[in-house]
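See below for the structure under consideration.
We did not get these values from a lab; they are worked out from the coordinates using the rules stated. Because the structure is predicted, anything quoted here is derived from the model rather than measured. Cβ atoms come from the backbone with ideal geometry, glycine included; neighbour counts cover every protein chain shown.
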Amino acid sequence: MSMSKRRFIQALGAATAVTAMGASVAATRNRRYDLLVIGAGTAGIPAAIFAAARGASVLVIDAAATIGGTLLLTSGQMSAAGTRVQKQQGIDDTPELFFQDLIRISRGTVDQPIARLAVDNAATTFDWLMDNGYPLLPGYPVEGVAHEPYSKPRYYWSDLRGIGILDAMRPKFTQAINAGKVDLLLEHRAVELRTNAAGSVAAVVVEDAGGKRTEYRPRNVLLASGGYASNAAMFEKLSGHPKYLDGSYPFALGQGHVLAESVGGYLRYAEKYLTNFGILLATSTIPSTKLATTIFHPQQRQPWEIYVNTSGKRFVREDVPSVDAREQALHFQPHLRHWVVFDQTVLDKAPPMLEGWTRDDLVSALKGPDANFFRSETIQGLAKAIGVPEKALADTVEGYNYGVHTGNDFFGRKHLPTKLQQAPYYAIQHQGTSITSTAGIAVNEALQVIRRDQSAIPNLYAAGEILGAGATQGQAFCGGMMVTPALTFGRLLGERMIRLG
């Protein structure tokens, strides 16, 4: 069982108390709700909490059997500038500095109004979580983990990952349910939005697990149903690449996107799709679970190997310190695929490259059979085994060895510990992947769903991953800029942005 699925199963038990409190359809059918929230996850829960605190009547529905959404699986990375934690630690940071970092890291590809809204309000969201018991890891915030670092320590994490965020919000959500301010229908999904002559959403058709349908006529609707990353067909259509990794929330099927489009909304930012630098897939059948992750960060382990593409050629300076530079380099490679190539000397002398694997584990895997690991007594034989041109790979290795000998690597690489010349030779296949949704529903600065002519559907809002990573991160991975905007936008909508009455 993969770690992500194990966390998901464990998290189901954590939400049992709220699950048991779900309302009955009979109790909700005749109510005219101020707000109907589609999705009880990262954005939907805070929206319901804050709307209820304003006196709104709220109905929350979710297709899953429990609350939490992607918080049940996500690593829960958050980022915010100007928080109380920063001030207590003497860290001078502002939303403006945060925004400038986003512009720098994304190379200006974020949706600037949406990113501004997120960073300007992130600190209040994070402080609220801290007030409600969020278990921040000691030593945080830091400048960055896994992604391109920020210029200031504004990156927050918990050893409970996304569950830590859910745990901090659950009591407030439960209190609102107990007080009769929020009704919760689990294993119910929205299947249709109906509009009136003015173009507003007049009704939401909700279907239970048995196929029975009920119509609700809320004053406002919030699409907080998450992304589409578990819908393989939609993922490939929008990203242009197959869904290689089976690691997304299973209910992230893009239903909210379909609903928004059905009433005139549209998707944007599909062109901003980006992949990580590659993992080892567990099977050749996709979507696949993950077998292993390689340590590509030179700050953690300097590379002894070279990385080659489907043409048998190097395509990036292996010891470049920038995470984003490596990811952008792979973005332009066919099939988002590359091989880590090395020889017996590297195997004998280099530190282990796979997270959690010993050298003996790697040696055993290289003996096969496994679709990721290859071995040959010659470079030409290795090229044939991995399916790249023999002469190209031989020339690549010869060129790299020249750089080691002279200190003048063609890519400017600095760490050149040894030539690759001691048989046998090895290669490990890596597949670039993504488990988030890049494209998203278009909204305005009030988070209202908009049509292609930029007119708003007045009472239809969207928040969370349904907006797409392309909006809040651009064509880059910016730490914390998926979870934090979802929480923040849910809070803002519930607190003040959704017009009640």
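The relative contact order of the chain, computed from alpha carbon pairs under 8 Å that lie at least 6 residues apart in sequence, is 22 percent. Amide H contacts for residue 290 (H built 1.01 Å from N in the peptide plane; partners 5 or more residues away or on another chain; cut-off under 5 Å): 282. Calculation over all alpha carbon pairs of segment 23-169 in 10 angstrom steps from 0 returns a P(r) of 10, 34, 33, 17, 5, 0 percent.
Just to be sure I understand the rule: take each whole DSSP H helix in the chain, project its Cα atoms onto its long axis, keep it if the span is 15 Å or more and its mean Kyte-Doolittle hydropathy is at least -0.5. Which ones pass? Could you put the intermediate results ahead of the total?
Details: long enough: 3-14 (17 Å, -0.08); 95-106 (16 Å, 0.40); 112-131 (29 Å, 0.11); 162-178 (24 Å, 0.21); 390-406 (24 Å, -0.59).
Within the chain the helices that satisfy the rule are 3-14, 95-106, 112-131, 162-178.
Peptides 322-335, 465-478, 163-176 ordered by packing proxy, namely the average of other Cβ atoms within 10 Å per residue, highest first: 465-478, 163-176, 322-335.
Within the straight-line cut-off of under 24 Å between alpha carbons, the lysines reachable from residue 152 are 87, sequence neighbours fewer than 8 places apart in one chain being disregarded. Its alpha carbons give the chain an Rg and a Dmax of 24.4, 80 Å. Projecting the Cα atoms of 448, 193, 163 onto the charge dipole of the chain, computed from C-beta unit charges around the Cα centre, puts 193 farthest toward the positive end. The magnitude of the dipole of the chain, with charges of +1 and -1 set on the Cβ of Lys/Arg and Asp/Glu and taken from the Cα centre, is near 880 debye.
Rounded to the nearest 20, the Cβ-based charge dipole of segment 153-228 about its Cα centre (Lys and Arg +1, Asp and Glu -1) stands at 240 debye.
With Rg and the Kirkwood Rh both taken from Cα atoms, where does Rg over Rh land for segment 337-455? Each step should come with its number before you reach the end.
On the way: Rg = 21.2 Å, Rh = 17.3 Å.
Rg divided by Rh gives 1.23.
Cross-link partners of residue 349 among lysines, defined as those whose alpha carbon lies under 21 angstrom from its own and excluding same-chain residues fewer than eight positions apart: 367, 414, 419.
With +1 on each Lys and Arg Cβ and -1 on each Asp and Glu Cβ, and nothing else charged, work out how big the dipole of segment 280-431 is about its Cα centre, in Debye to the nearest 20. Write down the numbers at each step before the final one.
Values: 16 positive and 16 negative charges, 27 e Å.
Magnitude of the dipole: close to 120 debye.
Dividing the Cα radius of gyration of segment 408-491 by its Kirkwood radius returns 1.31 for Rg/Rh. Please check which bits of segment 412-443 a label hung off residue 302 would reach, taking the label as a point 7 Å along Cα-to-C-beta and the cut-off as backbone N under 14 Å. Only 413-419 fall inside the zone, counting backbone N under 14 Å.
Semi-axes of the equivalent ellipsoid of segment 267-387 are 24, 17, 16 Å, computed as sqrt(5λ) over the eigenvalues of the C-alpha gyration tensor in descending order.
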